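Since the structure comes first, as structure tokens, the remarks are kept for the end.
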Amino acid sequence: MSTRASLDPKAQEKADRLYKIRHTTAHVMAEAVLRMFPEAKIAIGPPIDNGFYYDFDLPRKLTEEDFETIEEHMRAIIQGKHPMTKEVITRNQAKARFNDQPYKLELVDAIPEHEEVSLFTVDTFTDLCRGPHVENTKDLNWKAFKLLRIAGAYWRGNSDNPMLTRIYGTAWEDPKEMREYLDHLKELEKRDHRRLGRELDLFHFEDDNPGQIFWHHNGWTIYRLLMEFVRESIGRQGYQEVHTPSVMPKSLWDRSGHWEKYQEHMFVTESEKRLFALKPMNCPGHIEIFRQGLKSYRDLPLRMAEFGSCVRNESSGALHGIMRVRGFVQDDAHIFCTEEQISSEVALFVELLKGMYKDLGFDEASIIVKFSTRPEKRVGDDATWDRAEGALAEACKQAGLEYEIAPGEGAFYGPKLEFTLVDALGREWQCGTIQVDYQLPSKERLDAGYIGEDGNRHTPVMLHRAVLGSLERFIGILLEHYGGAMPVWLAPIQAVVIPVAPAFYEGAQALAKELENEGWRVLADLGDERMNNKIRIHQAQKVPYMLVVGEQELASRTVAVRTRKNDRIDGLSVDEFKAMIDEKIQKKDVL
């Protein structure tokens with residue numbers, strides 16, 4: 001099995017140094033906060049990717065205006081060149097040391113009996129901690145850290161516990177690295193899909209209806225285009241599109257195992273003294289369709305797809321724009337096949353996925369694949385797992401697929417491949433997946449069957465698969481990947497016709513209507529703004545093309561083209577523009 005390379009020794013060494021730097025800086029920040037608020041209660045302060053955080057129970061609300069004071073204290077502590085000393089003590093000693101810190105006392109009680117209890121002290125601050133840390137604050141660069149933001153965080157992630165104040169920061173080896181990272185954060189902020197959703201009039205949320213998206217016309221246009229793209233792509237591979245109910249009875253979820261394993265994430269309702277649930281996933285419904293009528297081995301593989309509208313009871317603290325919601329639609333499908341067909345079906349899916357990702361702007365180098373093998377807690381015997389993992393490995397070989405092994409991360413019912421996209425800013429997004437399932441269609445669960453070539457009844461293998469995953473989340477990924485400047489074929493408005501003066505409004509309208517009738521999404525801007533202002537407004541709205549027309553252009557059927565990148569093409573005939581935009585759409589090009 002081929003795998004992706006891990007960090008080289010020098011990169012790993014640097015990563016280890018940064019971990020220690022960030023962990024120690026979190027402790028320094030905690031001491032600085034305690035200098036401001038001696039009565040504060042402290043919780044936890046770990047290093048994280050690119051930085052650190054610490055959680056506090058404070059006597060008053062903290063604002064980012066307090067950062068300057070906290071950072072002054074931090075610089076003074078760092079410049080004091082204090083050693084970072086470790087001390088191993090008993091549990092009773094730890095409880096005595098933290099007798100006025102309830103969160104630390106709870107952490108002491110949670111330490112397993114066989115583990116040591118260790119403290120780290122820097123200057124006047126002592127914390128319950130395993131380490132590791134730098135040896136001395138002189139190993140920190142007092143010019144290479146910055147506090148970034150404040151957030152609320154429930155103690156231990158439980159909404160029944162107190163809400164704490166979490167302060168996030170970043171720390172680096174030298175100021176240049178930090179400046180580069182802060183510039184990166186500014187670019188992330190510019191590309192934040194929530195910000196773009198407002199600026200481009202794509203969607204909004206209501207505070208009293210968390211996790212549910214209100215799609216505006218522009219946003220829903222992108223949504224419909226993406227859905228139709230998926231529909232056309234899977235149609236070429238012979239998928240049957242189906243639709244299953246949004247509400248299904250508890251009895252079905254009992255048989256599938258979801259009521260036992262997943263009920264806390266399901267919205268439950270009651271009617272006529274029976275319990276029902278809004279579906280969090282589509283697989284049981286697809287098996288119910290498969291079970292209708294007698295199936296033969298000649299019917300397999302049967303590829304069943306649905307734009308399934310699902311609802312999951314996510315905690316409000318976990319929601320994030322359109323990336324993490326309660327109501328969403330998956331480009332979901334299930335393939336019912338024989339064991340012998342697993343390998344070829346997975347290879348066919350990989351071909352589909354690569355082609356769709358390429359059309360969406362992600363080449364093969366942007367795709368990371370994980371092969372997740374059998375977990376410790378699983379169903380089925382080892383022989384079945386051997387066959388399933390072997391079929392997946394053979395499919396990867398057929399598809400020429402490079403992957404890394406994720407030991408023990410498979411689903412409890414079978415192994416899986418996970419496909420992660422790397423976007424324009426180097427961030428990784430897990431999107432596509434295909435999973436091998438021997439359990440859900442089994443006689444013990446939902447009892448799907450077909451008549452084999454031998455005349456006997458057999459249980460099909462069920463492949464759960466998605467290319468994009470949630471359409472909502474994938475649109476968020478696309479918005480941030482492209483910074484809102486969607487490819488021409490996905491842009492909600494592809495062109496705006498702008499007349500140079502009111503005398504040419506009628507001609508501009510006629511041209512816009514002509515283009516619209518031929519299938520493009522085009523508007524005429526007949527507003528009161530000056531022409532140059534209109535161009536800037538539509539460029540800010542990420543419209544690919546602005547077509548400026550006046551007396552000469554209307555008489556000669558030409559347009560003066562301005563792009564959202566501020567490129568300029570004068571004297572282009574209308575037919576030449578049509579050919580240009582048509583080629584961009586056909587090739588799925590990015591402007």
Which value, in debye to the nearest 20, gives the size of the charge dipole of the chain about its Cα centre, when Lys and Arg are +1 and Asp and Glu are -1 at the Cβ?
400 debye
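Below 8 Å between Cα atoms, with a sequence gap of 6+, how large is the relative contact order for the chain in percent? Write down the numbers at each step before the final one.
Details: 1048 pairs, mean separation 61.0, N = 591.
Computed over the chain, the figure is 10 percent.
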Considering only C-alpha atoms, what is the centroid distance from the stretch 295-319 to the stretch 543-591, in Å?
42 Å
Mind checking which aspartates and glutamates have their Cα closer than 16 Å to the Cα of residue 61? Skip sequence neighbours fewer than 8 apart in that chain.
39
Which of 547, 290, 101, positive extreme of dipole for the chain (C-beta unit charges):
101
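Relative contact order of the stretch 495-586: what whole-number percent is it, with Cα pairs under 8 angstrom and at least 6 residues apart? Don't jump to the answer; show the numbers that get you there.
Values: 134 pairs, mean separation 24.1, N = 92.
For the stretch 495-586, the relative contact order is 26 percent.
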Residue by residue through the stretch 524-537, which ³J(HN,Hα) values in whole Hz follow from phi under the Karplus form 6.51 cos²θ - 1.76 cosθ + 1.60 (θ = phi - 60°), with glycine and proline marked x?
10, 8, 10, x, 8, 5, 5, 4, 5, 5, 4, 4, 5, 4
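For the chain, what does the helix formula give at 222 nm: sum of -39500 (n - 2.57) over DSSP H segments with n ≥ 4, over the residue count, nearest 500 deg cm²/dmol? Can you show the working numbers first?
Values: 17 runs with 210 residues, N = 591.
Result for the chain: -11000 deg cm²/dmol, rounded to the nearest 500.
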Amide proton proximity set for residue 54, modelled H, under 5 Å, gap of 5+
167
Using each residue's phi in the stretch 365-377, evaluate 6.51 cos²θ - 1.76 cosθ + 1.60 at θ = phi - 60° and report the 3J(HN,Hα) Karplus result to the nearest Hz, with x for Gly and Pro.
5, 8, 10, 10, 10, 10, 9, 9, 9, 4, x, 5, 9
Arranged from highest to lowest average of other beta-carbon atoms within 10 Å per residue, in what order do the peptides 354-360, 542-548 appear?
542-548, 354-360
Structure shown: which of 20/143; 261/370; 261/377; 565/588 lie over 20 Å apart, alpha-carbon to alpha-carbon?
261/370
Along the charge dipole of the chain, which of 458, 343, 373 sits closest to the positive end, that is, farthest toward it, with unit charges on the beta carbon of Lys, Arg, Asp and Glu (+1, +1, -1, -1)?
373
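Can you give me the relative contact order of the stretch 177-238 as a percent, contacts being Cα pairs under 8 Å and 6 or more apart? Walk me through the numbers before you get to the answer.
On the way: 31 pairs, mean separation 11.6, N = 62.
Worked out over the stretch 177-238, it gives 19 percent.
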Search the structure for amide H atoms under 5 Å from the amide H of residue 414, placed 1.01 Å from N in the peptide plane, and list their residues when 5 or more places away or on another chain.
none
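How much of the DSSP beta bridge set in the stretch 495-586 is antiparallel, as a percent to the nearest 5? Walk me through the numbers on the way to the answer.
Numbers: 8 of 16 bridges.
Around 50 percent of the beta bridges assigned by DSSP in the stretch 495-586 are antiparallel ones.
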Gyration tensor (Cα) of the stretch 9-191, equivalent ellipsoid semi-axes in angstrom:
26, 20, 16
Phi to ³J(HN,Hα) by Karplus 6.51 cos²θ - 1.76 cosθ + 1.60 over the stretch 343-357, Hz, x for Gly, Pro:
4, 5, 5, 5, 4, 5, 5, 4, 4, 4, 4, 4, x, 5, 4
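We did not get these values from a lab; they are worked out from the coordinates using the rules stated. The shown structure was predicted, so the numbers you read here are calculated from the model rather than taken from an experiment. Glycine also receives a Cβ, built like all others from the backbone with ideal geometry; neighbour counts cover every protein chain displayed.
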